[in-house]
Amino acid sequence: MSDYRINFGSAIGPADMNKLYGMLSILGGNDELNIILESADAHQTESILKMLDEHDFDAATKGSSDGLHYNIIARRKM
């Protein structure tokens with residue numbers, strides 16, 4: 001099992017989505033991907049969640065304890 005992390009900046013653009021797409025192809029069944037965004041940008045997650053779903057990933061969302069970050073934790077569906 002490996003844990004991977006992607007940290008997106010303040011605006012999610014095509015380069016970020018390409019980075020995510022490339023990461024999905026290397027994730028195995030026991031791997032976990034943590035996508036980190038600023039809390040103020042949590043409204044931009046629709047395209048990320050859609051891509052994860054289209055590639056057979058389950059995703060859970062969670063705010064950080066300090067309220068500054070928003071996390072999407074993804075694992076391949078079994």
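Quick notes on this one:
- Qualifying residues in the stretch 24-44 (those that are modelled with pLDDT of 90 or more and touching a Leu at 6+ places or on another chain (Cβ under 9 Å)) - the one farthest from Phe8 (Cα to Cα): Leu27
- Residue that is farthest from Gln44 (Cα to Cα) [pool: residues in the stretch 67-76 that are touching a helix residue (DSSP H, G or I) at 6+ places or on another chain (Cβ under 9 Å) and of a type outside the set (A, V, I, L, M)]: Arg76
Conditions (1) among the β-branched types (Val, Ile, Thr); (2) touching a strand residue (DSSP E or B) at 6+ places or on another chain (Cβ under 8 Å); (3) in contact (Cβ under 8 Å) with a residue 12 or more places away in the chain; (4) part of a strand (DSSP E or B), marked per residue:
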site: Met1; (1), (2), (3), (4): no, yes, yes, no
site: Asn18; (1), (2), (3), (4): no, no, no, no
site: Tyr21; (1), (2), (3), (4): no, no, yes, no
site: Ile36; (1), (2), (3), (4): yes, yes, yes, yes
site: Leu52; (1), (2), (3), (4): no, yes, yes, no
site: Arg75; (1), (2), (3), (4): no, yes, yes, yes
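- Conditions (1) surrounded by 11 or more Cβ atoms within 10 Å (Cβ to Cβ); (2) over 13 Å from the mean Cα position of the chain (by Cα); number of the one not met by Gly29: (1)
The values are calculated or read from the model by the stated rules, or taken from the named source; none is laboratory data. None of these values were measured; they are calculated from a predicted model. Counting neighbours? That spans all protein chains shown, and the Cβs are built from the backbone with ideal geometry, glycine included.
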